[in-house]
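Notes to accompany the following structure.
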Amino acid sequence: MSGIRIAHIINPVKVDKDRDLHFQQPITFESMQVAKDFAGDIDVEHWACFYPEDEEIVPLSFDKTNFLEESTEGKFKVNRKLPYFKEILDKLYDVSDADYFIQTNADIGLQPYFYVLVKDMIQGNLDSFCINKRIIPEPIRKSGLSAIWSTLGMAHAGCDCFVFRRELYPRFDIGDIVMGTPWSETTLIANMVAYAKNFSVFKQAHATFHIGDRRIWLGHEYNDYRVHNTNEFARILKILSEKDKKVLKHPTIMHQLVKLKMEVQNYSQMGEVYSKDCWELIK
């Protein structure tokens, strides 16, 4: 499968200097280019999907989708301009006919051998999988990429690198999931579980990294974003499970249901309102 084609998309965003993304994104961009150079005969496309105001930070080496059009502006208590996951993936599907798609966030860096590893996993008969990141202590970033790459870091339980066969995507239901918010990843995972013949999660791979682990999205001022995504995840998982009840028995989904139960029970005590689908799934 030496002729495999991979399209990898990220969502760059221009941020103030006090934001972690300000130093994380340049590291991501550089690590992606090194990994592409290391990939040999693997055909790797780098795509950026963004709003017009973010274009100036996009590396010249990246291909560009059409501008994002939809956002969360004016729809939640704290006004933020966040994209919808579906629009990003839709735009990639429109512009690339690569065999496999990869989506990561703009703060996820790559090891040099990342695409070679992805190729090997695909050759292992996987048509969709997740690779969990490793957390690198923030001070190490000042020593450069070689120091980052050589640091094992700590495994992280969250999924934020998704690889799936392009031909699966038209079957996916991503709904109105908002990026940069808890539960943004779970709906894509549920679709991968439902429609892929062979799906896996690599929890210990030394393949991707994240500098630091500050989780500003946990702030209670963003609870309505969180509840929105949780309800969307539950709605779509319910639909998928009605088509195939085995989806709910998959170990990855069972783990998500445990997390869902904890969230709904805890946040409902704070006055947050969850959908009927959420309550039915955690019965």
Flag if residue 176 is of a type in the set (Asp, Glu) and within 23 Å of residue 49 (Cα to Cα): yes
Being open to solvent by 30 Å² or more (accessible area, probe 1.4 Å), over 27 Å from residue 23 (Cβ atoms) and part of a loop (DSSP other than H, G, I, E, B) narrows it down to one residue among 77, 119, 81, 86; which is it? 77
Given the conditions (1) of a type outside the set (A, V, I, L, M); (2) in a loop (DSSP other than H, G, I, E, B); (3) open to solvent by 30 Å² or more (accessible area, probe 1.4 Å), every one holds for residue 71 apart from (3)
Does the range 26-39 contain at least one residue that is among the acidic types (Asp, Glu), out of contact with any His (no Cβ under 6 Å at 6 or more places or on another chain) and in a loop (DSSP other than H, G, I, E, B)? no
Selection count, the range 218-251, where residues are open to solvent by less than 30 Å² (accessible area, probe 1.4 Å), out of contact with any Cys (no Cβ under 6 Å at 6 or more places or on another chain) and assigned to a helix (DSSP H, G or I): 12
On the given criteria, is residue 75 of a type in the set (Lys, Arg) and more than 21 Å from the chain's Cα centre (by Cα)? yes
Residues satisfying the stated conditions in the range 7-23, i.e. under 17 Å from residue 82 (Cβ atoms), touching a residue at least 24 places away in the same chain (Cβ under 8 Å) and not in a strand (DSSP E or B): 11, 12, 13, 14, 20, 21
Odd one out for residue 197, checked against (1) open to solvent by 40 Å² or more (accessible area, probe 1.4 Å); (2) outside any loop (DSSP other than H, G, I, E, B); (3) in contact (Cβ under 8 Å) with a residue 40 or more places away in the chain; (4) out of contact with any strand residue (DSSP E or B) (no Cβ under 7 Å at 6 or more places or on another chain): (2)
Using beta carbons and a limit of 6 Å, which pairs, at least six apart or on different chains, have the first residue in the range 33-58 and without any contact (Cβ under 8 Å) to a residue 24 or more places away in the chain and the second one assigned to a loop (DSSP other than H, G, I, E, B)? 52/67
Could you list all residues from the range 89-102 that are open to solvent by less than 10 Å² (accessible area, probe 1.4 Å) and either closer than 17 Å to residue 3 by Cβ or not in a helix (DSSP H, G or I) (or both)? 96, 98, 100, 101, 102
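The values are calculated or read from the model by the stated rules, or taken from the named source; none is laboratory data. What you see is a predicted model, and the numbers here were worked out from it, not measured in a lab. Backbone-built Cβ (ideal geometry, glycine too); neighbour counts: all protein chains shown. Accessible surface areas use protein heavy atoms only, side chains included; no ligands, DNA or RNA. Shrake-Rupley method; radii C 1.70, N 1.55, O 1.52, S 1.80 Å.
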